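I have placed the structure first, in the form of structure tokens, so that the comments after it can refer back to it.
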Amino acid sequence: MSYAKVLCVGLVGVTGHLVEVEADLAPGLPAVVISGLPDTALHESRDRVRAAIVNSGQRWPNRRITLNLLPATMPKYGSAFDLAIATAVLGGSGELPLAPLDGVVILGELGLDGAVRPVRGVLPMVAAAARAGWDRVVVPVGNAAEAAVIPGIRVRAVDTLHRLVAYVRDGSPLLDPPVDLPEPDPDGPDLADVAGQGLGRRALEVAAAGGHHLALLGPPGAGKTMLAERLPSILPELDDDAALEVTALHSIAGLLPPGGRLLRRPPFQAPHHTATVPSLVGGGSGLARPGAVSLAHRGVLFLDEAPEFSKGALEALRQPLEHGRIQLARSGGGTEYPARTQLVLAANPCPCAKPSGDAYCECSPLARRRYLGRLSGPLLDRIDVQVKLLPVRAAELMEVARAGESSAGVAARVALARRAAAARWAPVGRKLNAEIPGPYLRRPPWRLPVRDTAELRGRLDSGSISARGFDRIIRLAWTIADLDGRDRPGREDVLEAIQLRTGEGT
Ligand SMILES: [Zn+2]
């Protein structure tokens, strides 16, 4: 026997695909050739596998070894193929009878000492194995809990190559995934903690209900960050498909909390304004790491002090915000990650960040315009709700010390509003008001009667709002109507929408 085949999984974006690792050993000068679109990490696998085999007390076959990873047309990234390659080499050399591993998918990186190290992306890899009809996997012990999240799969774990060899050779036991999982994280921050801020709270609720991007403008102390952090607490939990997708992205980033559990809460990502472009949109060598915009997929991306982000960083967010996915250039092809996120950005009204209208701020009107102008174009244009918040006054703090409505109460209204919108837009295949193109809302049967939009039309005619702003306000009016349980927006809804768009009346 000088040929062996072992099952593994490679990732293309967030989707796993079965990979067959073939090893053929032929007489001739000792050498190792790898084919099947390997990347650098996989080329380096030769040295790791060789050292791991020798240091596990096995013989390295001094023959010409050809390794082929199928399908050959699929690019392979990262080091998760190591363990399968080592197993195939030992099987092909006749050292190891591989019958016990028939139909078993093998994942893991090898250390030079023969230790099996955790890899990123095990969850989508195991999901792919299950989808392809395989029900047994061997994974690094550090990934076992994560692998066990996928139902219908028998997960066994290894800490060393030696343990796998001993299992195949004489039936020594493999390791089981941990059973004593830590308790899930306690719930995040709650809206009950937010004092006052009637307008801010309403803006947050409307943004949540319609899936609208949100801009919070105001001086320090206005509670912008507090509000933003609480948006996930009023969004619906992720359904099964979304939870799997979100958990897979965190798995690929190597950021899953220990314990192995599907992420059910919409994620919240708040990259610092010094964040690099790759950390925002993804990148890195080997298996590309998802960036903040993908880690916020189906959740919230919060840019605090948004004008302080570099121009390149803001520009890089344009594509994912527009398309709901991000394409990363890789050797051998591109990688695409989902990035459908709700953007919340916060900004001070001026570069000095001192209270506005205050004697301390000496920024000129031009400096202020320029500062916020950095956000225009790619970002601000896409944001439906733009409110100006004032510092929370002491009186408000006292008043709301009595009771701020909790997130659970707001979330219930948001869920009802979303249901109403989803039912209305089902025929056009959309769910959220934010996804409805403006022109669509201007046509019958959705066009609002003139008597309800008179103020809005006046503003359009006078040039105080743009045509695009007009569409955004109409969209918001629909969300407000949904929240208040009306079939269609009326004049009052349009007026409130104007306020949420322009920040007036505060
Ligand atoms: Zn200033």
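Structure values in brief
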read-out	value
Net charge over other residues, Cβ less than 14 angstrom from the Cβ of residue 28 (K, R count +1; D, E count -1)	+1
For residue 310, distant residues with modelled amide H under 5 Å away	none
Residue 405-residue 169 pseudo-label distance in nm [points 7 Å out on the Cα-to-Cβ vector]	6.8
Amide proton proximity set for residue 325, modelled H, under 5 Å, gap of 5+	339
Whole-number D in µm² s⁻¹ for the range 1-68, Kirkwood Cα-pair radius fed into Stokes-Einstein, 10 °C, 1.306 mPa s	120
Equivalent ellipsoid, the chain (semi-axes from 5 times Cα gyration tensor eigenvalues, Å)	53, 22, 21
Net dipole in debye of the chain [+1 Lys, Arg Cβ; -1 Asp, Glu Cβ; about Cα centre; nearest 20]	1300
Semi-axes of the equivalent ellipsoid for the range 99-186, Cα gyration tensor, largest first, Å	21, 16, 12
The chain: Cys lacking any partner C-beta under 4.7 angstrom	8, 352, 361
Rg over Rh, two decimals, the range 2-136 (C-alpha only, Kirkwood Rh)	0.94
The chain: Lys pairs at Cα distance under 24 angstrom, eight or more positions apart or on different chains	7
Residue 323-residue 35 FRET efficiency (beta carbon distance; Förster radius 25 Å; 0.05 resolution)	0.15
Binned Cα-Cα distances of the range 262-372, short to long, each 10 Å bin given as a whole percent	14, 39, 26, 14, 5, 1
Average accessible area per residue (Å²) across the range 102-151 - probe 1.4 Å, nucleic acids and ligands excluded	33
Calculated P(r) of the range 407-506 - Cα pairs past 18 Å, %	46
Global geometry of the range 161-233, whether rounded, prolate or oblate, following the gyration tensor of its Cα atoms and the 1.5 cut on a/c	prolate
P(r) histogram, all alpha-carbon pairs of the range 156-298 included - 5 Å bins from 0, percent	2, 8, 13, 15, 15, 14, 12, 7, 5, 3, 3, 2, 1, 0
Reduced Cα scattering model of the range 426-482, Debye log10 I(q)/I(0), q = 0.14, 0.16, 0.24, 0.29 Å⁻¹	-0.38, -0.49, -1.04, -1.38
Whole-Hz couplings from phi, Karplus 6.51/-1.76/1.60, listed for the range 64-70; x for Gly and Pro	7, 10, 10, 10, 10, 10, 10
Convex hull per residue volume in Å³, alpha carbons only, for the range 73-231	210
Prolate/oblate/rounded call for the range 86-140, Cα gyration tensor, a/c under 1.5 rounded	oblate
Tensor-based shape of the range 231-315 (alpha-carbon gyration tensor, a/c under 1.5 rounded, otherwise prolate or oblate)	oblate
Per-selection Rg to Rh, the range 268-327 - Cα, Kirkwood hydrodynamic radius	0.93
Label-point separation, residue 330 to residue 262 (7 Å along Cα→Cβ), nm	2.5
The chain: calculated mean residue ellipticity at 222 nm from DSSP helix runs of at least 4, using -39500 (n - 2.57)	-10500 deg cm²/dmol
For the range 23-32, Karplus couplings with θ = phi - 60° (6.51, -1.76, 1.60), whole Hz, Gly/Pro x	10, 10, 10, 10, x, x, 4, x, 6, 10
For residue 9, distant residues with modelled amide H under 5 Å away	19
Sulfur and carbon atoms: percent of accessible area, the chain [1.4 Å]	53
Separation of alpha-carbon centers, the range 223-293 and the range 106-163, rounded to whole Å	23
Phi-based couplings in Hz for the range 294-308 (Karplus 6.51, -1.76, 1.60; Gly and Pro marked x)	8, 5, 8, 3, 6, x, 10, 10, 10, 9, 7, 6, 3, x, 7
Label-to-label distance, nm, for residues given as residue 447 and residue 2 (7 Å Cα→Cβ offset)	7.9
Mean Cβ count within 10 Å, highest first, over the residues of peptides 18-28, 135-145	135-145, 18-28
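The values are calculated or read from the model by the stated rules, or taken from the named source; none is laboratory data. Quick caveat, the model's predicted, so the values are computed rather than measured. Because the Cβ atoms are built from the backbone with ideal geometry, glycine has one as well, and the counts that use them run over all protein chains shown. Quick note on the areas: whole protein, heavy atoms, side chains included, nothing else; ligands and nucleic acids left out. Shrake-Rupley method; radii C 1.70, N 1.55, O 1.52, S 1.80 Å.
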